1. Considering chain B as a Gaussian network with a 10 Å cut-off on Cα pairs, which listed residue, B:L244, B:L141, B:L180, attains the greatest mean-square fluctuation?
2. For chain B, place one equal point scatterer on every Cα, skip the solvent, and apply the Debye formula. What is log10 of I(q)/I(0) at q = 0.11, 0.12 Å⁻¹?
3. Report the FRET efficiency, 1/(1 + (r/R0)^6), for B:E101 and A:A274, where r is their Cβ-Cβ distance and R0 is 51 Å, rounded to 0.05.
4. Counting alpha carbon pairs within less than 8 Å and at least 6 residues apart, what relative contact order, in whole percent, applies to chain B?
5. If a paramagnetic tag sat 7 Å from the Cα of B:E260 along the Cα-Cβ line, which residues of the stretch B:226-240 would have the backbone N under 11 Å from that point?
6. What percent do you get for the relative contact order of the stretch B:138-259 when only Cα pairs under 8 Å and 6+ apart count?
7. What is the set of long-range amide H partners of A:V48 at a cut-off below 5 Å, with H atoms built 1.01 Å from backbone N?
8. Of the beta bridges DSSP finds with both residues in the protein assembly as shown, what % are antiparallel, to the nearest 5?
Amino acid sequence: MEHPGEGTRNGGSFVVSCESVSFSYPGSGRPALSDVSFELRPGEYVGVVGPNGGGKSTLVRLLNGLLKPDSGRVLVSGRDPATEPFEVRKHLGILFQDPENGLVAPFVEDDVAFGLENLGVPRKEMRDRVAGAIRAVGLEGFERREPDTLSGGEKQRVALAGLLAVEPDILVLDEPTSMLDAAGRREVLAYLETLRAEKTVLHVTHHLEELVRSDRILVLNGGELVADKTPERFLSDADLLRENRLVLPVVQRLALEIGLSPARLRTPETLAEAILAKTESGTRAG
Amino acid sequence: MRLELRDVRYVYAPGTPFEVEALRGVSLVVEPGEVLGIVGGTGSGKSTLVQHMNLLLTPTGGEVLVDGVDATTLKKSELRRRVGLVFQFPESALFAPTVEEDVAFAPRQLGLDEEEVQERVLESLRALEAGELAARSPFALSGGEKRRAAIAGVLAMKPEVLVLDEPTAGLDPATREDLLALILGLRNAGISVVLVSHDLDEVAEVADRVCALQEGRVRAIGTPAEVFYREPAQAPATVRVASLLRESKPEIGAPVRFAETLDALRALQGA
Ligand SMILES: Nc1ncnc2c1ncn2[C@@H]1O[C@H](COP(=O)(O)OP(=O)(O)OP(=O)(O)O)[C@@H](O)[C@H]1O
Ligand SMILES: Nc1ncnc2c1ncn2[C@@H]1O[C@H](COP(=O)(O)OP(=O)(O)O)[C@@H](O)[C@H]1O
Ligand SMILES: [Mg+2]
Ligand SMILES: [Mg+2]
């Protein structure tokens, strides 16, 4: 294995890079990731999709050193999470897939503060950051609730607030909206949108509509990175979608079926407008 | 089976500072062989409500009736067999060394012969495209794989009413579609399905009726069209598109399912 000197990539144009990363869980015959390479540039918003068991969460765990690659190398802001996990975790924060397991403290506000406590942030600043994060995810009034007694969507918001309070430059979100209702999903996505350019985001999801504004979409299937494409190309590649157990969202599917371009019609509103424009021009011409 | 909830109320931690009135008088019926969708915002009481359907939670007010009989008078084990509940976080209930044994556990408790148990296990796993997971440890699975195993475990009991609390969260899109097809298949075989979901698009596809909860009360109950067109801003994508077009194109009607909506849009364009 090569050992490029510490920092050869530092100051380069990537904040995260994976070079030929492979990983197998102990005792498992099949690799969870094989030879995966990609890079994230600062401020990029990149989606990750693919079938259940495709390797998405495994990739996430390799990014902060929770798992170490069998071969290949991960670099986050020039550091290797396998050898410097604590340094890496100041820059890269993860929202894990299962909101049940992450919550540890007796009250919601302690849970949100948990990540900050290890960073040596002064008390006053800590209080402000915790309050700000709780506000950002719409959990005011829940500060003294016990995490065990929250509904699924509420738990997911607590976990997201805990991540935001740490203010990492790189956010890795593993199915961040899986337990949220439609309104909550819109709110969280709108909030993530405000972080655009300021943060680098890697967003794992099964809901393709969440990624229509992303810069790129990575597809992991059977542990292999099978595509790295813009949303426009991705959404119009029917074969790629089918092979990877993906289904176009309703708006895009309707658009496609009536002969409109799915990639540019992102919401029910834009689709309705496009249909109106088309029928009006049709009537005028006829 | 006809499952009825009459004015059900539920308070968590009564008499403490953390008291939460999660259900404030909910009445509804799950008719035999129907798919009832339950929607509502986070914390509206959906999970609390469905845990009353097999008396995992006992109402602090009101009653649950099975074919007109007070459910508290039935044997709990009998009730839990007839009303199968898949929790919102079913992963945490997995416990056996292999997926196969986990799925076999409940049917074996029913005293079925081993051949029947094996048949049901295979059938349920296959229905969720989880056949290849049979010999794996349920703890060493991805999130979506765990969820499939957990749903298979309840399917294998062959309940008369299948209650699914956000079953598609974490499933990949093709598996989600498979599960929806499976729900329709069960419905056609006379089994009632209660589907709790915050994905209104999928509720629109399979529900015969929809119940919308808000702050522990029924905000609306009726056919999908009745419920969703009442508040199009909180409706599935199909309804949102159609209701935006309805102002200038009333002929579009009130489509809900994808295929209906597509037909309506095509008719509009053809006109
Ligand atoms: N703790 C573990 N031990 C052994 N194998 C595991 C473990 N966790 C996951 N796997 C396996 O590794 C592969 C990749 O799993 P991973 O959790 O990364 O998938 P995923 O893409 O996140 O799937 P999902 O969409 O279901 O969350 C799968 O084959 C899975 O069964
Ligand atoms: N174990 C519990 N203890 C106390 N309060 C709870 C508990 N479970 C849920 N709640 C509260 O009851 C209300 C309804 O929750 P829930 O039924 O989980 O809603 P939903 O499933 O619609 O998201 C919420 O305010 C929630 O915080
Ligand atoms: Mg995962
Ligand atoms: Mg719930």
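1. Evaluated over chain B, the most mobile residue of the options is B:L244.
2. -0.66, -0.77
3. 0.45
4. Numbers: 513 pairs, mean separation 60.8, N = 271.
22 percent.
5. B:226-229, B:239
6. Averaging sequence separation for qualifying contacts and normalising by length gives 17 percent for the stretch B:138-259.
7. A:H203, A:V204, A:T205, A:L218
8. Restricted to the protein assembly as shown, the bridges split so that about 50 percent are antiparallel.
Only the coordinates and a few stated rules stand behind these numbers; no lab work does. On a predicted model such as this, the values are computed, not experimentally measured, just so you know. Ideal geometry is used to build each Cβ from the backbone, glycine not excepted, and the neighbour counts take in all protein chains shown.
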